[in-house]
C-alpha cells in the first residue's frame with residue numbers, strides 16, 4: 001500500500017510548459033521573517049534536495065528563489081470546480097502556486113506547490129496567507145495519512161513568516177507561515193472543468209495527454225479520454241477506500257480538491273473519526289453532511305463524474321459511462337484489501353474479507369471500540385494481551401472472532417511498535433494540545449515527538465525496523 005521513497009539526484013523538470021495556459025506567472029510575497037520550523041529530509045532525499053543547508057532551504061522555500069533548471073517563475077494554476085455541488089468558475093490558486101518540478105528516485109514527475117505564499121489573481125478578497133496552525137495541521141495530516149497507507153501529498157517545508165493574521169475560525173491575531181508540499185501532480189478535476197467550460201477542446205486534449213504521459217507514464221491509446229477516466233476511476237476508488245480504513249474525513253471533497261492522480265492533498269478542516277460513525281463530519285460548515293465519513297466514496301465518485309462530463313467534449317459518452325460504472329466494485333474491493341493490509345493479514349479472498357470487514361464494523365459500532373484501538377489490538381489477526389481479550393469478549397464480537405480464526409500472521413507484529421499498549425492516533429483533542437504548546441509556549445518538541453511516533457507506526461506497517 002505504501003510506496004517507499006528512493007534517493008535521487010536533483011533532476012529538474014519543466015513539463016508543465018506543455019500546458020501553456022494552465023497558469024499565470026506570479027511573484028511570491030515578501031515576508032518580514034523566515035524561520036524554518038519543519039523540513040522533510042526523508043522526502044527531500046527522493047528529489048535530491050536534502051543536501052541544502054538551512055540558508056539555501058529558506059532561500060528556496062521561504063523567498064522562492066528558483067531551483068536551477070526548473071520553473072523560472074511560479075505559476076498560479078487556473079481551474080474551476082464544484083464546491084459543495086455548486087459550480088464556481090471564479091477560483092484558482094488564491095494563496096499558492098506551482099513552484100518547481102523535478103523527477104524523483106522512481107523517475108516520476110513531482111511538483112513542489114505552496115500554500116500561504118501570497119496573493120494571486122485568484123485570491124479574490126483573501127490575503128493569500130496561511131496560519132501557522134494551518135501549517136502544523138497539514139504536517140500532522142500528511143504524516144498520519146502516509147503512515148496509514150493513504151496516497152497523499154507530503155508536507156515538505158514549513159517556514160514561519162512573522163505576520164499577524166486575522167481569521168474568523170481561530171483566535172486572532174494568529175501567526176503565519178508558508179507551506180511547501182511535494183506531490184505527484186497539481187492537475188485537478190477542476191482543471192478539466194475549466195477547459196470544458198471554455199469549450200477549449202485543444203486544452204482538454206493537452207490536459208489528457210499530459211496526465212497520461214507525464215503522470216501515469218502510459219502511451220495514449222485509441223481513446224485517450226476514456227483511457228484516462230479509467231485510470232482516474234481506479235485511483236480515486238482506492239483513495240476513497242484508504243480514507244475509510246484510516247478513519248479519515250477530508251472535509252472538503254470539492255472537484256477542485258481531487259487530483260487526477262488520485263493523490264489526496266490540500267488539508268483544511270480534516271478530522272480522524274474516533275469511532276466508525278458514517279455521519280461524522282470534519283467541516284463545521286458541512287451542515288448537510290455531504291462529505292461525512294460514510295459519504296466520501298459517494299462524493300469522490302460524483303466528482304469523477306464531473307471529469308467524465310468535461311471529457312465528453314472530446315470523446316463518446318458510452319466508454320465514459322462504462323468507466324464510471326466500475327467505481328463501486330473497485331471501491332468495495334479496495335476497502336476489503338486495505339482492511340486486511342491494516343490488520344496485517346494476508347488477503348483471504350473476497351467473500352471472507354468481506355465478512356471480516358462487516359463483522360469488524362459490527363463490533364466497533366456495537367461496543368464503541370475506537371478504530372485505531374481495534375486495528376492495534378487485532379494486528380496480525382489475533383489478540384496479544386489479556387486486557388484486549390476482555391475488551392472483545394462480548395457478543396458484539398462473536399462473528400468477528402469466528403471470521404478471523406485461523407488467519408494469524410505473527411510476522412505482522414515483529415516491529416517494537418506493536419509491543420506498546422496504546423495505538424498512535426490523531427484525534428482533534430491531541431491536535432489542539434500540540435498546537436497549544438506552540439501557541440502558548442513556542443514549544444515545538446511535542447509536535448516533533450509526535451511526528452517521530454507517527455513515523456515509527458509507519459515503519460511498523462511497512463514491516464521495517466526503522467523509519468528510513
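The values are calculated or read from the model by the stated rules, or taken from the named source; none is laboratory data. All values derive from a computational prediction rather than experimental measurement. Note that we place each Cβ from the backbone using ideal geometry, even for glycine, and neighbour counts take in every protein chain shown.
Here's a check for you: in the stretch 383-397, which residue that is closer than 28 Å to residue 464 by Cβ and either assigned to a helix (DSSP H, G or I) or modelled with pLDDT of 95 or more (or both) is nearest to the chain's Cα centre (by Cα)? Applying the filter and picking the extreme gives 388. Here is the figure for the stretch 96-118: residues that are crowded, with 22+ Cβ neighbours inside 10 Å and outside any strand (DSSP E or B) total 5. A Cβ distance below 7 Å, combined with a sequence gap of six or more or placement on separate chains, defines the contacts here; from the stretch 44-60, residues that are in contact (Cβ under 8 Å) with a residue 60 or more places away in the chain and outside the structural domain of residue 105 (by TED's automatic domain parsing) reach no residue that is in a loop (DSSP other than H, G, I, E, B) and crowded, with 18+ Cβ neighbours inside 10 Å. Scanning the stretch 43-68 for residues that are closer than 16 Å to residue 162 by Cα and either touching a strand residue (DSSP E or B) at 6+ places or on another chain (Cβ under 6 Å) or crowded, with 18+ Cβ neighbours inside 10 Å (or both) returns 58, 61, 62.
The one condition from (1) under 22 Å from residue 86 (Cβ atoms); (2) touching a helix residue (DSSP H, G or I) at 6+ places or on another chain (Cβ under 9 Å) that residue 252 does not meet is (2). Checking 320, 330, 383 one by one, the residue that is outside the structural domain of residue 242 (by TED's automatic domain parsing) and buried (at least 17 other Cβ atoms within 10 Å of the Cβ) is 383 and no other.
Any residue that is assigned to a loop (DSSP other than H, G, I, E, B) and crowded, with 21+ Cβ neighbours inside 10 Å - is there at least one of those in the stretch 398-411? For the stretch 398-411, residues assigned to a loop (DSSP other than H, G, I, E, B) and crowded, with 21+ Cβ neighbours inside 10 Å: absent.
Against the condition within 30 Å of residue 34 (Cα to Cα), surrounded by 24 or more Cβ atoms within 10 Å (Cβ to Cβ), in contact with a helix residue (DSSP H, G or I) (Cβ under 8 Å, 6 or more places away or on another chain) and in contact (Cβ under 8 Å) with a residue 24 or more places away in the chain, how does residue 228 come out, does it pass? In short, no.
The set of residues in the stretch 24-42 being part of a loop (DSSP other than H, G, I, E, B) and surrounded by 13 or more Cβ atoms within 10 Å (Cβ to Cβ) consists of 26, 27, 28, 29, 31, 34, 40.
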